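Data first, discussion second: the structure below is written as C-alpha cells.
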Amino acid sequence: MPANLSFFAETKIPHQRNYGGVVFPAVLSPEAVQSRNPSVLTVAVKEQKPWLDSLLHTHGAILFRGFDSLATASDFNDVVEAFGYEELPYVGGAAPRTNVVGRVFTANESPPDQKIPFHHEMAQVSFLLL
C-alpha cells in the first residue's frame, strides 16, 4: 500500500487461501481507532479507490472487517456507492428479497423451512467476465 494510504490495514484471518502466491480474499481493517462517524470510511474509499481497485483485481475479493462505525443499512449503502461501480440489478433470482435502502437488499426472506438449492451467484450475470 502506498505510504499516504493509511486508513486501511491489511490483515489476516483464519482460512484465507493462497492461490499461486496470491492470498484470497484480501482483508482490510481500520489502521487505527476509527471515528464513530461512518462518513470517514466513505471518504477513505473515495480517496483510496485506485489502490482498492488494484487490490480487488489482484485478490479477487476484499473482506472489510472491524468497521464498527457502519451501524445502519444506509451507512453501508453510502460505502457501497463510494466505490462508484455500476449497479448490477437483481433480476430473475428465485429468492424473495426486499430493497432496504439504495443498493442494500435483504438476503432471503423465504421461510426457514425452505431449502436453498446449491447455486452460483454469477448465474445472475448477463455477460461473461474475462
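I want to check the label-to-label distance for ASN18 and ASN37. Put each point 7 Å from Cα in the C-beta direction and report it in nm to one decimal.
Spacing of the two 7 Å Cα→Cβ label points: 4.1 nm.
Can you tell me how much longer the chain between LYS115 and VAL91 gets when fully stretched, taken as 0.36 nm per residue apart minus their C-alpha distance, in nm with one decimal?
Numbers: separation 24, 0.36 × 24 = 8.64 nm, distance 2.05 nm.
Additional length available on full extension: 6.6 nm.
If you keep only loop residues by DSSP, which GluC sites (Glu not before Pro) in region 1-102 have at most 16 other Cβ atoms within 10 Å of their Cβ? Intermediate values should be presented prior to the final figure.
On the way: sites: GLU10, GLU31, GLU47, GLU81, GLU86, GLU87; in loops: GLU31, GLU86, GLU87.
The qualifying sites are GLU31, GLU86, GLU87.
Can you sort ASP113, ASP78 by how many other beta carbons sit within 10 Å, fewest first? It would help to have the intermediate numbers written out before the result.
Numbers: ASP113 5, ASP78 20.
Ordered by Cβ neighbours within 10 Å, fewest first: ASP113, ASP78.
How much length is gained on full extension from THR106 to SER29, taking 0.36 nm per residue of separation minus their Cα-Cα distance?
Numbers: separation 77, 0.36 × 77 = 27.72 nm, distance 2.43 nm.
Length difference between fully extended and current span is 25.3 nm.
Only the coordinates and a few stated rules stand behind these numbers; no lab work does. In this text the structure is predicted, and so the values were computed from the model without any measurement. Every residue, glycine among them, receives a Cβ derived from its backbone with ideal geometry; neighbour counts consider all protein chains shown.
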